[in-house]
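Let me begin by presenting the structure, written as structure tokens, before commenting on it.
The values are calculated or read from the model by the stated rules, or taken from the named source; none is laboratory data. Everything numeric here is computed off the predicted structure, so don't read it as measured data. Positions of Cβ are generated from backbone atoms using ideal geometry, with glycine treated the same way; all protein chains shown enter the neighbour counts. Please note that ligands, DNA and RNA were not included when accessible areas were found on the heavy atoms of the full protein model with its side chains. Shrake-Rupley method; radii C 1.70, N 1.55, O 1.52, S 1.80 Å.
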Amino acid sequence: MKRLSRPWLTASSATGPVSARRFGLALAACGLLASACVGTVGENPAAPATPRRNPPPRRNKPGSPSTPGGGNDPGNMGPGNTGPGNMGGSGPGAAPIVAGRVSLRRLTRTQFNNTVRDLLGFEGEHGAGFPEDEDASGFRANTSVPVSAAQVDKYEEAADRLGAKVAGEAADRLAPCLAPRQEADCATDFVRGFGKRAFRRPLSDEEVARYKTVFDAGRKADNTYAAGVGLAVAAILQSPNFLYLPELGEGAAAAAGVPLSGYEMAARLSYFLTDSMPDAELFAAAEGNRLRSTDDVIAHAKRLLASPRARDVSINFFKQWLEIEAIASMDKDTKAYPAFSPALREAMAAEINAFIGHVFGAEGGKLGPIMTANYGFVQGPLAELYGTPGTGRVDQPAGQRAGLMTLPGVMALYAHPDQSAPVSRGYLISDKFLCDTPPPAPNDIDVTVPKPDPNRTTRERFSAHRENPACKSCHELMDPYGLTFENFDGIGRWRDREGNKAVDATYDTPRFGMVKNAVELMGKLAASKDVANCFARQWFRLAFGRMDIAGDKPTIDHAQAAFEKGGLAIPDLVTAIASSPAFRHRVAR
């Protein structure tokens, strides 16, 4: 299929196709779609989302930047606090009538790839050339508009490639037409049906006519039906209606705000739980107006959560939450750790995926095993690190491992290239599990990591953090948790001794008092209501693509109650969020 200049395309409103100037004006039209907002529809300007702060650097690779942390601000309501929106008495059976701010989101790279897969049947990293996704809540969510000119070019290039691929090998599959004399009707039917799936809503007659004009131009230029189909696909994939998830709502405002339309609800539910476009059942429910009631949404949420794609989303939740995606670029000092290799790093990453996938399968998605299970999934060089002859699922010696946090890959990632890192590990516990984010270090503080010393343990070398008045307040919040993990060296291997001395992993922690080691700490965290609340907040942030604020507390409390009632089963927590009024409405303007 030839690449055409496309002068017949016109930028119109939010529902129009792409522009004459390589789609740039189409994204400008998306600014109209967002009305006067900057990234958020119905946003309360007095309560902005909170950016993430930087934790102490993990320093796995010399010269690498600090790793982003979780973020907290006065508007984020921690455990035991009350906010102005708290309605009280909200249990898992009665969700509070509170609206959630609705962000105007652009597809992430993963969502773009998955949507292309489900829309066109093409597997692959189709968005590989796109800029990094935005991350203001601990999870990927592109909520800034407009995009840069460079991004516009990348979207156009991807759409052109996909359109050409359709013209070359998939036109008959996507837009079958047996009788050439009926091509015009076939093209119209294709535009209407394909456009509905791509835009996740029915097209207007005007839109159908416009994209039919695009088809006609491609058909005429290359003199083939397939070329017309390919060019129409390329145009549709560049539209803001495909690249964005507008949620304008429909009908009169209710107590919970403006209800999302059936198609908007189908898209929101699907991208939350599967990171892709709605499936046929969700489209049918939207068309039949069967996504209005709480029971309708719960039924579809449970159906989607049982799918393999939802399991992939859950795995990615943990990888984003704990920032363990960075394991792919983790490096170590091979003088300190000669056993470290790319093969070991790959085995560590594979074990993390296998562990989380197993918990969401065999363990019913319970938080308990995520926090406390004493088994791992061994392959390749991990067997030597664990000191076990087995492969596959292998139970570890009692008292050594406790869940995801103590897997070698996580412990290695939260360590320095040549030694363990109690500060980073402690920050991880405080920020991610307790939603208690320490502030960044003052600019004039020396953060040089003490060198390993066979005659001094890490605990001894890092004691200055807790003795220096300028550092004490923060490090007393982090270090005690991190020091309980001192039985794990810089590549996550178990150790009883460090250098010439025995390891002492006992410490008096801020929340749980004296704890003897990481296994005991993880058990206390697993039983903590503060952790359950923080975990509910993390899933809320993923679902809404933003940080929580005070007014979100009733929704989070309701989700936490459902989570605890179900024995800390993550599917119950996710279903409670997805079926809440806040998820199903936008704030009335």
So for the range 313-393, using the alpha carbon gyration tensor with a ≥ b ≥ c as root eigenvalues (a/c under 1.5 gives rounded; past that, a/b versus b/c decides prolate or oblate), I'd call it oblate
Share of carbon and sulfur in the accessible heavy-atom surface of the range 513-589 [1.4 Å probe, %]: 55 percent
³J(HN,Hα) computed for each position of the range 393-407 - Karplus, 6.51 cos²θ - 1.76 cosθ + 1.60, integer Hz, glycine/proline x: 6, 9, 6, 9, x, 4, x, 9, 10, 8, x, 4, 4, 9, 5
Place a label point 7 angstrom from the Cα of E123 along the Cα-to-Cβ direction, then list the residues of the range 294-334 whose backbone nitrogen is under 20 Å away. 307-316
Taking a label point 7 Å from the Cα of A221 along Cα-to-Cβ, the residues of the range 140-168 whose backbone nitrogen sits under 20 Å from it are 152-168
Which distance in nm do the two modelled labels at E281 and D530 give, with both placed 7 Å along the Cα-to-Cβ direction? 4.0 nm
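Calculate what fraction, in whole %, of the accessible area of the range 163-290 sits on carbon and sulfur atoms when a 1.4 Å probe is rolled over the protein chains. Before the final figure, lay out the partial values.
On the way: 2510 of 4890 Å².
That share works out to 51 percent.
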Separation of alpha-carbon centers, the range 327-356 and the range 176-199, rounded to whole Å: 50 Å
Loop only per DSSP, at most 15 neighbouring Cβ atoms within 10 Å: give me the GluC sites (Glu not before Pro) in the range 199-274, ordered by residue number. E250
Among trypsin sites (Lys or Arg not before Pro) in the range 303-338, those in a DSSP loop whose Cβ has at most 11 other Cβ atoms within 10 Å are K335
Listed residue (P176, Q151, S137) projecting farthest to the positive dipole end of the range 137-207, Cβ model: S137
Using modelled backbone amide H atoms (1.01 Å from N, in-plane), which distant-in-sequence or interchain residues come within less than 5 Å of R393's amide H? V378
The range 98-140 scanned against label point 7 Å out from E169 along Cα→C-beta; backbone N under 12 Å for 121-124
Out of residues 5 or more away from G249 or on other chains, whose amide H comes under 5 Å of its own, with H placed 1.01 Å from N in the peptide plane? S261
